[in-house]
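This report refers to the structure that appears directly beneath it.
Here, each number is a calculation from the coordinates, and none is a lab measurement. Just so it is clear, the structure is predicted and the values come from calculations on it, not from any experiment. Cβ atoms come from the backbone with ideal geometry, glycine included; neighbour counts cover every protein chain shown.
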Amino acid sequence: MKAWAVVFGLGVMCVLAACGESESSFAPNGALGDSAGSPSADAPLSGASDETRAAIGDAHTRFMTEMFANDGAQPNLPDQIKLIEELTTGAQYQRSYDAAVHNAETGRALVGPGYKSKIVNIETRGDYAVVLDCSLKQSELHSPEGTVIVAADDFFEFRTTKLDNVDGVWKVSDFVTQGNVRCYPEQY
């Protein structure tokens, strides 16, 4: 399993070396998480100050814990859009905005606490960062009738979160699942 972490760490470094822009065509994975399983800022971080490290970890944690967790009630769309504006940018902003509007129009709602997440690695290049984490989506997307449309995860998976520093604030620009590759947070 540690070999997978090395492979994904190398993949993250390749992304940093090859990407001048943070936007991509990947779709978001869905619901997020609770503070009990919040990512920590204790992961390795290359080339960044402790302050930058904390800011990236905090931005990732807020995205994972606040963005998608819900008690099943239809969320207030203006409040959701305010949170989307605060936490995301670029392609992730547009996907999150479109999903919030679609869910409001169709009566869909998230049910559950969201993600448990453990940061495995953080890499930075200037105002661009990539976070590799090992996380478990705990929430489900429900129809207005209560039918599960998107189920919670059955196991922890590697996920990549890309962040851009926009006017001094780290915001998520992309969120990608690593092909359903299992991981074990207790190893990190």
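General remarks:
- Taking a ≥ b ≥ c as the square roots of the eigenvalues of the Cα gyration tensor, the stretch 70-188 is classed as oblate, since a/c reaches at least 1.5 and a/b does not exceed b/c.
- Length-normalised contact order of the stretch 36-188 in % [C-alpha pairs under 8 Å, at least 6 apart]: 25 percent
- Ranking of Cys134, Cys183 by count of other Cβ atoms within 10 Å, fewest first: Cys183, Cys134
- The 3J(HN,Hα) values that the Karplus relation (6.51, -1.76, 1.60; θ = phi - 60°) gives for the stretch 53-58 are, in residue order, 4, 5, 5, 5, x, 5 Hz. Gly and Pro appear as x.
- Full-extension gain in nm, Val148 to Val181, via 0.36 nm per residue minus C-alpha separation: 9.6 nm
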